[in-house]
1. How far apart, in nm, are two points set 7 Å out from the Cα along the Cα-to-Cβ line at Lys155 and at Lys203?
2. Using the Karplus equation 6.51 cos²θ - 1.76 cosθ + 1.60 (θ = phi - 60°), what ³J(HN,Hα) coupling, rounded to whole Hz, does each residue of region 215-226 give in order, writing x for Gly and Pro?
3. Check cross-link reach from Lys169 to the lysines: straight Cα distance under 25 Å, and skip same-chain residues fewer than eight apart.
4. Sort out for me the Cα centre separation of region 74-105 from region 29-62, rounded to whole Å.
5. Pick from Gly36, Gly189, Gly67: which is most flexible by mean-square fluctuation in a GNM of the chain where alpha carbon atoms under 10 Å apart are linked?
6. Determine, from the Cβ-Cβ distance of Glu114 and Phe43 and an R0 of 25 Å, the FRET efficiency 1/(1 + (r/R0)^6), rounded to the nearest 0.05.
7. The list [x] 13.0; [y] 15.2; [z] 12.3 gives values of mean projected area of the Cα convex hull in nm², and only one came from this structure; which label was calculated from it?
8. Based on the alpha-carbon gyration tensor of region 145-233, what equivalent-ellipsoid semi-axes (square roots of 5 times the eigenvalues) come out, in whole Å, largest first?
Amino acid sequence: MKIRLPFVLTGLLVATTMSHAQFVWPKPEYNKAEPGTYVEDPFIIKYRAEFFAIFRGDVARFERAYGEIREMVRKNPRDARATVWLGNGQTVDAIFKFLQKKADRETTLKRLEESRTTMNRAVALRRNDPNIVMMRAATLFVQGQYLPADMVPRKVWEQLRDDHLWFQKYIGPERMKKVSIHVRGETYGSLGLAYARLGDSEKARRAFEKVIEMNPGTAYERRARLEINRLAR
């Protein structure tokens, strides 16, 4: 069942250029990669669709999936995939309730810190699993997109930057050319936003230019050009 989003959340969606919980909401064709290159874990893809449905107004779908994840972690606390999604669910639930005015600022900040702790635990369980690392990055991106700047500590942008730099090294420049449009676009697009929030406009610009170079004629190119224009203001 879909519900009407509160006015404040709807307005915020517009303010973030409808990026939802990612640099660009991917079209199905954006998820295709060349055979033999990095492919996202189907578990991650499945729960990304379920959880991020909330950003399109489908709260019930998120809550159902969030319940599934909590049960997985209850049964196996060392399930890294479920644990990183538990952290994501904690973030999404905290932000949604804050924007609905069902939770105050202090409570929300505590819950977001709990979320980051949960995701760090997931990464510690599978330190070199790119799916886990990048899911943490995607969740930190959500924290930065939907909250006032003074509620997002600098360490969020630093970790987001570091996760994407780690992933670039893990993939390597040649393989990066062959992964999906979604992976390329999110890797450099989110990195650019992290640099911008950290005050490094030059590195932000270079990251956005990389998005344009690697994803011409796509929504990623359009979003990157918007971000470059913002840097010039």
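Only the coordinates and a few stated rules stand behind these numbers; no lab work does. Quantities reported herein were computed from a predicted structural model and do not represent experimental measurements. Virtual Cβ from ideal backbone geometry, glycine too; neighbours counted across all protein chains shown.
1. Taking the simple label geometry, Lys155 and Lys203 are separated by 1.9 nm.
2. Whole-Hz 3J(HN,Hα) from phi for region 215-226: 9, x, x, 10, 5, 5, 4, 4, 5, 4, 5, 4.
3. Reachable lysines: Lys32, Lys155, Lys177, Lys178, Lys203, Lys210.
4. Centre-to-centre distance over Cα atoms comes out at 17 Å.
5. Gly36
6. Numbers: r = 23 Å, r/R0 = 0.90.
E between Glu114 and Phe43, to the nearest 0.05, is 0.65.
7. So the structure-derived entry is [z].
8. Values: eigenvalues 89, 52, 23 Å².
For region 145-233, the ellipsoid semi-axes come out as 21, 16, 11 Å.
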